[in-house]
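See below for the structure under consideration.
The values are calculated or read from the model by the stated rules, or taken from the named source; none is laboratory data. Fair warning: this is a prediction, and the values are worked out from it, not measured in the lab. With ideal geometry, Cβ positions are generated from the backbone for all residues, glycine too; neighbour counts draw on all protein chains shown.
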Amino acid sequence: MSRMKFKALLPAALLLVVACLAYSDFESARNQALPWMNPVVLPGELEAMAWVRQNTAPRAVFVNDIFGGEFLMGNSLRESAVGGDWAIIPGVVQRMHDVQYSFYEAETPEQAWETAKKYGAKFVWAPQRQVFPGYEWVSVNQELFDPQYFRLAYSNPDVKIYEVLE
């Protein structure tokens, strides 16, 4: 290839490289933003709130994510292991860590159950969406809710509520 042709192609090649890098950054940013753009409360979760008010004690504690905790506390005066009124919840950072890694990402149903018990939870709010317990978005692993540790108390297509067994 002649030197002149190479000089003519160099700007186009550089532009192509820059475009590829920019696209990969865009894709990465889009993938990181997607969970934040999805609903943080599903319609069935709103329907489940009536069941919560009728079938659980005031101030009953639930394991759920931050958005679920805010939703639950604001609509039913029930409490959450994370979310809700952060000013009165002790050990917030430890709670987020435990709910994220020892509950939602637990290795066994027993580990999830022990974490729920640690925070006095009587119920688990398990929506059919990704949850944000404090550090990153995760999917709810329905396999954790073994009947030895959790009893299905309520269900609709958008959310399941489990009772934490004694």
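For the range 144-166, check the following and say yes or no: at least one residue is crowded, with 17+ Cβ neighbours inside 10 Å, touching a Leu at 6+ places or on another chain (Cβ under 8 Å), in a helix (DSSP H, G or I) and at pLDDT 95 or above.
Taking every residue of the range 144-166 in turn, none turns out to be crowded, with 17+ Cβ neighbours inside 10 Å, touching a Leu at 6+ places or on another chain (Cβ under 8 Å), in a helix (DSSP H, G or I) and at pLDDT 95 or above.
Determine if the range 86-103 includes at least one residue that is among the acidic types (Asp, Glu) and within 16 Å of the chain's Cα centre (by Cα).
Quick first cut of the range 86-103, residues among the acidic types (Asp, Glu) only: 98.
Now drop any that are not within 16 Å of the chain's Cα centre (by Cα), which leaves 98.
So far as the range 86-103 goes, yes, one or more of its residues are among the acidic types (Asp, Glu) and within 16 Å of the chain's Cα centre (by Cα).
Do you know which residues across the range 127-143 are touching a residue at least 60 places away in the same chain (Cβ under 8 Å) and in a strand (DSSP E or B)?
127, 130, 131
Does residue 120 fit the bill of being surrounded by 15 or more Cβ atoms within 10 Å (Cβ to Cβ) and small (Gly, Ala, Ser)?
Against the criterion (surrounded by 15 or more Cβ atoms within 10 Å (Cβ to Cβ) and small (Gly, Ala, Ser)), residue 120 does not qualify.
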